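S.K.: Quick one: the structure is below, and I'll ask about it shortly.
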Amino acid sequence: MVKLFDENDCGYIEVEVEDFYCNDFPKYFARTGKDTYFHALQFPIYEVPDMIWGSQPRDGGHLIIEANDYDEFIAREPKAKKWIHPYVGSREFIHNLPRYCLWLVDCPPNELRKMPLVYQRVQAVREFRLKSKADSTRKFAETPWLFCQIAQPKTDYLVVPQVSSERREYVPIGYMDANTIASNLVLTIPDAKLWHFGVLTSFPHMAWMRMTCGRLTSRYRYSANVVYNNFPWPPFNREVERTAAKILMTRRNYPDATFADLYDPLIMPKDLRKAHAENDRAVMDAYDFPKSMTEAQMQTAFLNLYERLKNFAELYNSAGT
């Protein structure tokens, strides 16, 4: 059971731990210790790229093409191939599972009408949305060839799965090309640099994440508004860029391995573990954390740092709203 307090600290609700996800209760904040809490912020409190949700279809599945249907669909509707993109959510990203979607953002109506199978799917999306009880979904029936929320980066971007196993020491994070459509089951950071990747994939950030994230049963549920936007970033350290690049290069030694394989704590490759250890050390040096610091001590240090930042964060959040 978690107590969620309202922003004026004059009341609270109780939520079962397995059901708790901070974004589900925007009016409330989670108390992590005496007089310590984290607001849901719309923007990061540091000058870092925004983390955004992927695009949400709300299409009844009609704009999605599963891997086992892809070849047959292309064979029956070859003109559609240019409008079909790889599609990635948390599960697809972690397990390297192929999945596709119809991405018709720039498709001219005359071309769409020449693809009868695609046209049928667009009709099905319209019917699905019109039957919805939600006014916002019914409104999107006016544009049934498009996802309801479109937030696809124009450049390569960093992917953070919203849900991942609590067994892993590191939440799998990686780069994706702009041609791959990110679903609303992942979070993206467009234009993220090696510095951002190195800090986010480090042990200090994982310690922060485990303290502030929501849970889906026992799995980590990463939140942009609480975990990322409240995160106290360290001063820039160029060594982190080097160690971050080494992690990416080391992953290439295992082209057929999925993130589920690489980050299984029982069988994580030695060279990848070493690369992460070097990156952890570089990020800890950026914070000026001692090498012997435990996760609990690190979390305490973050709480103390956050206490100093709290007033600024509240003012920043008020300005954003």
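The values are calculated or read from the model by the stated rules, or taken from the named source; none is laboratory data. Being a predicted model, the structure only gives us computed values, none of them experimental. Glycine also receives a Cβ, built like all others from the backbone with ideal geometry; neighbour counts cover every protein chain displayed. Calculation scope for accessible area: heavy atoms of the full protein, side chains included, ligands and nucleic acids excluded. Shrake-Rupley method; radii C 1.70, N 1.55, O 1.52, S 1.80 Å.
S.K.: So for segment 263-285 (the condition being within 22 Å of ASN230 (Cα to Cα) and outside any helix (DSSP H, G or I)), does at least one residue qualify?
M.R.: no
S.K.: Being open to solvent by 20 Å² or more (accessible area, probe 1.4 Å) and among the hydroxyl-bearing types (Ser, Thr, Tyr) is the filter; apply it to segment 78-133 and report the residue that is nearest to GLU66 (Cα to Cα).
M.R.: The selected residue is TYR100.
S.K.: Which of the helices (runs of 4 or more DSSP H) found entirely inside segment 41-140 contain at least 1 residues meeting this: within 30 Å of VAL199 (Cβ to Cβ)?
M.R.: 90-95
S.K.: Can you tell which of ARG242, ARG251 is in contact (Cβ under 8 Å) with a residue 24 or more places away in the chain and either among the aromatic types (Phe, Trp, Tyr) or crowded, with 16+ Cβ neighbours inside 10 Å (or both)?
M.R.: ARG251
S.K.: On to the next question. Return yes or no: is PRO204 outside any helix (DSSP H, G or I), under 19 Å from ALA192 (Cβ atoms) and open to solvent by less than 30 Å² (accessible area, probe 1.4 Å)?
M.R.: No: the conditions fail for PRO204.
S.K.: Shifting gears a bit: Just give me the residues in segment 179-190 being open to solvent by less than 30 Å² (accessible area, probe 1.4 Å) and either in a loop (DSSP other than H, G, I, E, B) or free of Cβ contacts under 8 Å to residues at least 40 places away in the same chain (or both), in sequence order.
M.R.: THR180
S.K.: Moving to a separate point now. Looking at segment 220-234, is at least one residue over 23 Å from ASP50 (Cβ atoms) and either open to solvent by 10 Å² or more (accessible area, probe 1.4 Å) or not in a strand (DSSP E or B) (or both)?
M.R.: Here is the first cut: in segment 220-234, the ones over 23 Å from ASP50 (Cβ atoms) are none.
No: segment 220-234 contains no residue that is over 23 Å from ASP50 (Cβ atoms) and either open to solvent by 10 Å² or more (accessible area, probe 1.4 Å) or not in a strand (DSSP E or B) (or both).
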